[in-house]
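The values are calculated or read from the model by the stated rules, or taken from the named source; none is laboratory data. Treat the numbers as computed from the prediction; the structure is a model and nothing was measured. Positions of Cβ are generated from backbone atoms using ideal geometry, with glycine treated the same way; all protein chains shown enter the neighbour counts.
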Amino acid sequence: MAAVALLTLAVGSLSSGLPGGDLPSLLSGVLCALPVLATLVRPVGAFWLSLAVTPVVAVLYGNGLEWPWMPGAFVSHLTVLVVVALRTRPRTAVWMWGMTFAYALLSDLAFTGSYYYSNSAPMLVVSAFALLLVSLWHVRHAAQQEVTAQQTVTAHERSRRTALEERTTIARELHDVVAHHMSVVAIQAEAAPYRVENPPPELERAFATIRENAVAALTELRRILGVVRAEDYEAPDAPQPTLADLDDLLVNVRDAGLTVDKTVTGAVRELPQGVELSAYRIVQEALSNSLRHAPGASARVEIAYVLGGLGVRVVNGPAPEPSLVKPSPGAGHGITGMRERVTMLNGEMTAGSTDDGGYEVAVFLPVTTANEGEA
């Protein structure tokens, strides 16, 4: 902006050729540069200043020159129009051009038939074209901002919907696990009084209360499952998978073309069904991602039974080059589903690329043993 102001100062000073000497020329240049500098502080005020300066500069220039915009004022007013239009809304450009048109019309009517050459038409045409370009830029910029905002909202809603879908899927799967345990509690509570000879009434009432609570919990579970169940949902015929079913999963994955090995460390023990189901699903999703994103690569599944929990690690190498099967981008739901399962169990998860170009998913699922709970 300073460079443009210096340019208008030079044009206003050097192109006047006034007989009065250098002082009017310098004053004319300063007057032309002031509106340009004012756009940095008060854009709209700079426009009115430019209109006010224009006749003053015309009077300083004297006779026999262009009217109503002298060369310096011409450059200054065009610059002010463009800068103010860039810094304000498109409708501001419209009324600025209208005021410029009104000023040019009044100036031409006042000096009709004089020896002045009117440059109103070039000013109006050039300024209209410049303001049209600025307005188009404003419209395009606003459209880009709106599209960016819509994309951000869409991505946020898609991520939120994905998380909700994954939670719904987890709720459906865990329903069978919880329902099984509650059914066992209800049956045992009903049968317990018959295993004790002459049980006291207080014991019978306690077991009856336990059974009633278990049945009520089962009813609520079925009701909640009905809310989260999709229209096309079908209840599974087989029990939910556990870590004991991993070998069958690996056989299917190998048949699909993925070379995968499994390593188990620690003392294998029975874990809560929710933990085993989540671990199985995490391994299943990680191997599916390996097939999708790194076809032809090899993978390794590590299961670690440690004190206080279960460690799961799935690592795949980079896809070989060249590969006959192209990677599939996928929907991006896999990692989200894993994190939802880990979060549900208060576990920890890391996922990211490895140094050799592969990918690694590492999960720790805490398991509280009976002794830890008593402590």
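Yes or no, residue by residue, for (1) at pLDDT 90 or above; (2) in the same structural domain as ARG87 (by TED's automatic domain parsing); (3) in a helix (DSSP H, G or I):
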site	(1), (2), (3)
TYR103	yes, yes, yes
ASP108	no, yes, yes
TRP137	yes, no, yes
ARG140	yes, no, yes
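To keep it simple, each residue is scored yes or no on (1) loosely packed, with under 11 Cβ neighbours inside 10 Å; (2) within 30 Å of VAL342 (Cβ to Cβ); (3) of a type outside the set (S, T, N, Q); (4) outside the structural domain of PRO68 (by TED's automatic domain parsing).
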site: VAL125; (1), (2), (3), (4): yes, no, yes, yes
site: PHE129; (1), (2), (3), (4): yes, no, yes, yes
site: LEU132; (1), (2), (3), (4): no, no, yes, yes
site: VAL153; (1), (2), (3), (4): yes, yes, yes, yes
site: LEU164; (1), (2), (3), (4): no, yes, yes, yes
site: MET182; (1), (2), (3), (4): no, yes, yes, yes
site: VAL185; (1), (2), (3), (4): no, yes, yes, yes
site: GLU204; (1), (2), (3), (4): no, no, yes, yes
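When restricted to residues that are surrounded by fewer than 21 Cβ atoms within 10 Å (Cβ to Cβ) and under 37 Å from the mean Cα position of the chain (by Cα), segment 67-85 contains 1. Taking the numbered list (1) surrounded by 11 or more Cβ atoms within 10 Å (Cβ to Cβ); (2) of a type outside the set (D, E, K, R); (3) at pLDDT 85 or above in turn, ILE335 passes all entries but (3).
For segment 110-130, state whether one or more residues are at pLDDT 90 or above, in contact with a Pro (Cβ under 9 Å, 6 or more places away or on another chain) and assigned to a helix (DSSP H, G or I). Yes, because at least one residue in segment 110-130 is at pLDDT 90 or above, in contact with a Pro (Cβ under 9 Å, 6 or more places away or on another chain) and assigned to a helix (DSSP H, G or I). Only a single item in (1) under 17 Å from VAL314 (Cα atoms); (2) within 34 Å of the chain's Cα centre (by Cα) is not met by GLY257, and it is number (2).
Can you tell me which residue is modelled with the highest pLDDT among those in segment 209-230 that are more than 16 Å from ARG167 (Cα to Cα) and of a type outside the set (A, V, I, L, M, F, W, C)?
Narrowing segment 209-230 to residues more than 16 Å from ARG167 (Cα to Cα): 209-220, 222-223.
Add one more test, that the residue is of a type outside the set (A, V, I, L, M, F, W, C), and what stays is 209, 211-213, 219-220, 222-223.
Working: THR209: 86, ARG211: 81, GLU212: 83, ASN213: 82, THR219: 75, GLU220: 72, ARG222: 68, ARG223: 66.
Step by step, filter segment 209-230, then rank; the result is THR209.
One line per residue, one yes/no per condition, for (1) within 19 Å of ALA93 (Cβ to Cβ); (2) basic (Lys, Arg); (3) at pLDDT 60 or above:
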| site | (1), (2), (3) |
| --- | --- |
| SER15 | no, no, no |
| LEU26 | no, no, yes |
| VAL30 | no, no, yes |
| LEU34 | no, no, yes |
| ALA38 | yes, no, yes |
| LEU49 | yes, no, yes |
| TYR61 | no, no, yes |
| LEU78 | yes, no, yes |
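In summary, LYS262 fulfils each of the numbered conditions (1) out of contact with any Lys or Arg (no Cβ under 9 Å at 6 or more places or on another chain); (2) on the phi < 0 side of the Ramachandran plot; (3) surrounded by 12 or more Cβ atoms within 10 Å (Cβ to Cβ) with the single exception of condition (1).
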